[in-house]
1. Would you please put 57-67, 262-272, 215-225, 110-120 in order of how densely packed they are, using the mean number of other Cβ atoms within 10 angstrom per residue and starting with the highest?
2. Per residue, how big is the convex hull of region 71-174 when only Cα atoms are used? Give it in Å³.
3. Using only Cα atoms, locate the centre of region 249-273 and the centre of region 101-144, then give the distance between them in Å, rounded to an integer.
4. I need 91, 280 ordered by Cβ neighbour count within 10 Å, fewest first.
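Values quoted throughout were computed directly from the atomic coordinates according to the rules given, and no laboratory measurement underlies them. Keep in mind the model is a prediction, meaning the values are calculated, not measured. Glycine gets a Cβ as well: all are built from the backbone with ideal geometry, and neighbour counts include every protein chain shown.
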Amino acid sequence: MSRVKDLLAGTGYWLGWKAICHLPESWVSWAFSTATEIAWRRQGHGVQVLEGNLLRVLGPGTSGKELRATSRAAMRSYGRYWMEVFRLPAISRERILRDMKINTYADEALNDVAKGEGKGLIFALPHMGNWEVAGAYVAGRGIKFTTVAERLEPASVFDMFVKFREGLGMEVLALGGANVFGVLAQRLRAGYMICLLCDRDLTESGVEVDFFGERARMAAGPAALAVQTGAALHAITLSFTEGGWYADASPRIPVPAEGSRKEKAAAMTQQLALAFEKGIAEHPEDWHMLQRVFLSDLDPARLPAPSGPPTPSGPPAPSGPPAPSSAAEPPPGAG
């Protein structure tokens, strides 16, 4: 039964890339809007978790009507993400460069890394907007960058996503591969760029942060890499616009002057969380978090110990395709 399910999943994704990018955009948009509307109305587990997360963003005084309206918009945004993933091979580089707008901090950071200035660049992102299009935009500007993808089953789907992302110009490292943290550090020391999602991490190397007034655990990888290599670290929040996309970068997050490496990485991860808060609060409908992220929502038995040295381990597999991951972690004792 499992093999049949894997075969169906692999066939579905293969057909998605083969067929959807050749259909009229209006047809595809209608189909994905309809599918996400049905999913929202069914109020399945993912939508319920999404609404629980959004309630933290909107605040405890939010009415049920407002929460439902935001979750409905969020599901439509999620549907748009998927539609664009399958259509991305047919979206021209010129359109992406024209319709992706970025703020000054992002533009200056990308210009510096393109010129080979500095010690590399780290963009840390939450699951917002369309990070695949953002990656295509960076590649479209002629900038080499690396990301990490979680290795999920079936292997055929993982392989398709790796091929898809490599076709956009990304270097993709498989989570769990040999010395991922070391390879990323090498890329940064060579002046290159890495992009990592990090708004959810339940591994033992995750850092507990204050996030919308509660405790959550985020990945330590981006900050640990910045501490170890001196690369510039920026938080990036992504959102959709009427006909395109927007990327909002924070100012560079500095490495604290005092503390151990572990303490410095923890402090910088908290700064990432604050930047994510700002971007998510401005565009809550574009935060695609259909998984539990706040510690109070989780079974305490599943949580790792709050202290101890970081160990290389990956986050639990998300529902959906392999996402670029932040689970490139410092080796034991790096703190």
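1. On the way: 57-67: 12.0, 262-272: 21.5, 215-225: 26.7, 110-120: 16.1.
Ranking, from highest mean packing down: 215-225, 262-272, 110-120, 57-67.
2. Details: hull volume 12.8 nm³, N = 104.
Roughly 123 Å³ of hull volume per residue.
3. Result: 20 Å between the Cα centres.
4. Values: 91 15, 280 25.
Ordered from fewest to most neighbouring Cβ atoms within 10 Å, 91, 280 come out as 91, 280.
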